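Report on the following structure.
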Amino acid sequence: MVHLDLHQRFLWLLKNTLNRITIPMARAGLGPFSLIRHVGRKSGRVYETPVILARDVDGFVAELTYGDKVNWYRNVVAAAGCIVVYRGKEYRISQIEPCSAERGRGAYPAPFRQVLRLLARDEFRLL
């Protein structure tokens, strides 16, 4: 229970600090960040969540850094889609599916790939 509380606090801290910097960067196509624009499954509100996506021949690869319980992911699954803002351009996403760790890590450029491998990151989704 304490772990979940700490996790929720960490996500709140990100949302209220780092996201305020990364969201404008992602909208402008600057830096490594993209946006996932999604509709809240309960509130119906539109949200924008900054993420680091990799381009793939079939769309985009997302590494689920904080697992599959985060709101952006749950909202995208519930709505069966979202808008991705990648390098300043919008793309409509109509499905999200599991992606193997090998394919997921392979979609990212070498420095990211190496970090993902070192951190043993293995939970990816294809959008």
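Where a number appears in this text, it was derived from the coordinates with a stated rule and is not lab data. Note that the structure is predicted; figures quoted are calculated from it, not measured. FYI the Cβ positions are ideal-geometry reconstructions off the backbone, even for glycines, and counts take in every protein chain you see.
General observations
- All helices (runs of 4 or more DSSP H) inside segment 42-127 with 2 or more residues being of a type outside the set (S, T, N, Q) and buried (at least 21 other Cβ atoms within 10 Å of the Cβ): 71-79, 101-107
- Residue match in segment 22-29 (condition: assigned to a strand (DSSP E or B) and either of a type in the set (Val, Ile, Thr) or free of Cβ contacts under 8 Å to residues at least 12 places away in the same chain (or both)): no
- Test for LEU35: is it part of a strand (DSSP E or B) and either in contact with a helix residue (DSSP H, G or I) (Cβ under 7 Å, 6 or more places away or on another chain) or farther than 26 Å from ILE21 by Cβ (or both): yes
- Number of the exception - ALA26 against (1) farther than 16 Å from PHE124 by Cα; (2) small (Gly, Ala, Ser); (3) surrounded by fewer than 14 Cβ atoms within 10 Å (Cβ to Cβ): (3)
- Residue match in segment 57-70 (condition: more than 13 Å from the chain's Cα centre (by Cα) and aromatic (Phe, Trp, Tyr)): no
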